[in-house]
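What follows is one structure encoded as structure tokens, with my remarks underneath.
The values are calculated or read from the model by the stated rules, or taken from the named source; none is laboratory data. The shown structure was predicted, so the numbers you read here are calculated from the model rather than taken from an experiment. So basically every Cβ, Gly included, is an ideal-geometry build from the backbone, and we count neighbours across all protein chains shown.
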Amino acid sequence: MTPIIEAWFVFVVSVAGWLNREQDKAVQYLLAQNKVLKEQLKDKGGRIRFTDEQRRLLAVKAKALGRAGLRILDTIVTPDTLLRWHHELIAKKYDGSGRREPGRPRVMPEIEALVVRMATENRWGYLRIVGALRNLGHTVARTTVANILKRHGIEPAPERKTTWKEFIRSHWEVLAATDFFTVEVWSPVGLVRYHVFFVMAVATRRVHIAGIIHDPYGGWMEQIARNLTDAFDGFLQGKRYLIHDRDPLFTKKFRDIIATAGTKSVRLPPRSPNLNPHAERFVLSIKSECLDRLILFSEDQLRRVCKEYVSHYHCERNHQGLDNDLIDKSRLAANADGPVVGTERLGGLLKYYRRAA
């Protein structure tokens, strides 16, 4: 075989091999395409909708042919679509977004809790909170504090309203509360309703029964106001605020008398007993522990029962609002090793245990 013939033979074989490989690629793609098409027509019919697995199969085969080779074939989708699927497949392989957290990391839960605590316990603005956190060794930006408060639904300092809880805490020692409760007493003419008017020093929980009457009226209330503000032994001495509801018995004359003595009347919104909780709790206590367990037959008996209960309330009853302590500890025995003695009031209805001196 001459060199020319041999070279021509090698060239023909090379071209045939190249054409065969290209045809094989086309055949492989057409086989895959027909398989997908048959599945689509068999299962659904109408418009062809590809699954992710089908798109992946066609994209891999199309990449081997290239855009020029795909244009020669009558494919189900356009060459550009097939190549786009292939690029998306590659992008998903190197996509690390599933392992990344969005944005900058949030502040530590400890710092977030401190920001919320400082904002709810004080009327501090953003910069004041930033400075307080710096004192504790935490460096936080103003915008971070603002975002934390916004996330917890806390308004900026100028828009933050004073709550009743904040008001009571800031005026604890100069705050008094008052209210009425009623008691049914048997009389020769049947049941008679008596009104018991009391005042409480909120900080100490000390209670004063200011008056008991069958039918309270304005003049009686005015005299009660004078007694409470007496310069020598008035219960409201040193109190700046008196909380009460909107009962008509708290007349303007009553409020003016206590205001003259330096005590401001704070009237509660309508139908809001939860804003005078300490007075309401005393009413619940005296009724559930004493009055609801007795049948009363005279005003004198009612007065004696109230007096006995108030003494028990001050000196013998522990109060959860005072860390489960007594209001008046003067009667506690100094001897911690003496025998335990039980004392009774109202025939054993109220009991108290103490160490004998």
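When you look at TRP164, is it at pLDDT below 70 and not small (Gly, Ala, Ser), yes or no? Judged against the criteria, TRP164 is a match.
Annotation: of all residues in the range 308-357 being among the polar types (S, T, N, Q) and outside any helix (DSSP H, G or I), the one that is farthest from PHE282 (Cα to Cα) is ASN335.
When you look at LEU296, is it assigned to a loop (DSSP other than H, G, I, E, B), in the same structural domain as ASP215 (by TED's automatic domain parsing) and in contact (Cβ under 8 Å) with a residue 40 or more places away in the chain, yes or no? Yes. Listed by first and then second residue, the pairs linking a residue in the range 96-119 that is under 26 Å from LEU133 (Cα atoms) and surrounded by 11 or more Cβ atoms within 10 Å (Cβ to Cβ) to a residue that is modelled with pLDDT under 85 and among the aliphatic types (A, V, I, L, M), with Cβ atoms under 6 Å apart and 6 or more places separating them unless they lie on different chains, are ALA119/LEU149; ALA119/ILE154.
Here the condition is being among the basic types (Lys, Arg), in contact with a Lys or Arg (Cβ under 8 Å, 6 or more places away or on another chain) and at pLDDT 90 or above; of ARG317, ARG281, ARG267, it holds for ARG267 alone. Candidates ALA210, ALA203: the one that is assigned by TED's automatic domain parsing to the domain that holds SER272, touching a Phe, Trp or Tyr at 6+ places or on another chain (Cβ under 9 Å), over 17 Å from LEU296 (Cβ atoms) and at pLDDT 95 or above is ALA210.
Among the residues making up the range 249-263, those that are over 36 Å from the mean Cα position of the chain (by Cα) and part of a loop (DSSP other than H, G, I, E, B) are LEU249, THR251, ALA261, GLY262.
Of all residues in the range 241-283, those being closer than 20 Å to HIS319 by Cα and surrounded by fewer than 12 Cβ atoms within 10 Å (Cβ to Cβ) number 1. One residue stands out in the range 120-129 among those that are surrounded by 14 or more Cβ atoms within 10 Å (Cβ to Cβ) and not aliphatic (A, V, I, L, M): the one that is nearest to ARG169 (Cα to Cα), namely ASN122. Just one of the listed residues (GLU280, GLU344, GLU308, GLU316) is farther than 23 Å from ALA176 by Cα and either assigned by TED's automatic domain parsing to the domain that holds ASP179 or without any contact (Cβ under 8 Å) to a residue 60 or more places away in the chain (or both), and it is GLU344. Does ASP230 satisfy being assigned to a loop (DSSP other than H, G, I, E, B), surrounded by fewer than 18 Cβ atoms within 10 Å (Cβ to Cβ) and not hydrophobic (A, V, I, L, M, F, W, C)? Yes, satisfied.
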